[in-house]
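Worksheet for the structure shown next.
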Amino acid sequence: MWEKLTLNKPYVIAEAGVNHLGSIELGEKLIKAAKQAGADAIKFQSYKAAKLCVKNAPRFWNWEGEAKRDGSQFDSYSLLDSFGRNEHLELKKLCDKYEIDFISTPFDREAVDYLDEIGMEIYKIASGDITNLYFLEYVARKMKPILLSTGAANLDEIKKAVTTIESTGNKQIVVMHCNLCYPTKNQDANLLMIKSLK
C-alpha cells in the first residue's frame, strides 16, 4: 500500500463516512459509485457514539433531518453507529469485489483492532484526534501507513503527532492539508499550506 501512496501521481479517496446509513446495500452503492468515478479508495468511519462523545454534548452541526430537534451530538452519532466488525468486513469484501481500496477512520482502539484484523491496509486519522497522542501511538504500532488529517491542528500539534508516530518506528505517514469547512470556499483552501507541511 505504501508504494501506491508514494507514486508520482494523485491517490484519490472517495469519502463515504457513515453515509451507508446502516445499510450494506447502500454501502455497496457507494463503493460502486466511487469505483465508477475513478477513485483509488473509498473511506468510511468506524465509531460508536458511546465511545466518541458524552451523552449531553451539544450538537456542533445543524442536522435538520433528525426528528429529535433538541437532541445532543450523542443522539446524532447514535443514529449512524450501527456498523461494527462484521459490517466493516462486508464493506471490505465489497471493496475487494469492485477492486477499490478499503479505508476507514477508527475513533477508538477496538475499531483500530478489528480494522487491522479484517485486512485494512492503511489508517486514516481524523484531525480531531491529532492531539490524542496515546491513540496515535496505538495506531502507529500496527505498522501500516497513516493518513494524518491536520484540519483542527496548528504546526506544533502536527509536529508532535508526527514525532509520536515515528517514535514507534513507523515512518509511513502522509500529512494531509485539510479544511473543516464543507464545502470549502476557494478563498479558504489555503493550498500554499501544503508547502509548509512538506
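The values are calculated or read from the model by the stated rules, or taken from the named source; none is laboratory data. A quick note: this is a predicted structure, and the numbers were derived from the prediction, not measured. Don't worry about glycine lacking a Cβ; one is built from the backbone with ideal geometry, like all the others, and counts go over all protein chains shown. For the accessible areas, the whole protein counts, side chains as well, though only heavy atoms, and no ligand, DNA or RNA atoms are used. Shrake-Rupley method; radii C 1.70, N 1.55, O 1.52, S 1.80 Å.
Observations on the model:
- Take every Cα pair under 8 Å whose residues are at least 6 apart in sequence, average their separation, divide by the length of region 72-187, and the relative contact order is 20 percent.
- Given R0 = 25 Å, the distance between the Cβ atoms of ALA57 and ASN186 translates into a calculated FRET efficiency of 0.20.
- Counting protein heavy atoms only, the chain has 52 percent of its accessible area on carbon and sulfur, 1.4 angstrom probe.
- The aspartates and glutamates whose alpha-carbon is closer than 18 Å to the alpha-carbon of LYS159, local same-chain residues fewer than 8 away aside, are ASP129, GLU137.
- Relative contact order %, the chain, counting alpha carbon pairs below 8 Å whose residues are six or more apart: 16 percent
- Computed lengthening from ASN154 to LYS198, 0.36 nm per intervening residue step minus Cα-Cα distance: 14.4 nm
- Three-way shape call for the chain based on the alpha-carbon gyration tensor, with the a/c threshold at 1.5: rounded
- Neighbour net charge for PRO145 - beta-carbon separation under 12 angstrom, K R +1, D E -1: +2
- ASN19-GLU99 pseudo-label distance in nm [points 7 Å out on the Cα-to-Cβ vector]: 2.4 nm
- Euclidean distance between Cα centres, region 85-100 to region 114-150, Å: 19 Å
- Filtered chymotrypsin sites (Phe, Trp or Tyr not before Pro), region 1-57: DSSP coil and at most 16 other beta carbons within 10 Å: TYR11
- Spin-label pair LYS171/ASP116, simplified geometry with 7 Å Cα→Cβ offset, distance in nm: 2.1 nm
- Accessible-area ranking of CYS181, CYS53, largest first, probe 1.4 Å: CYS181, CYS53
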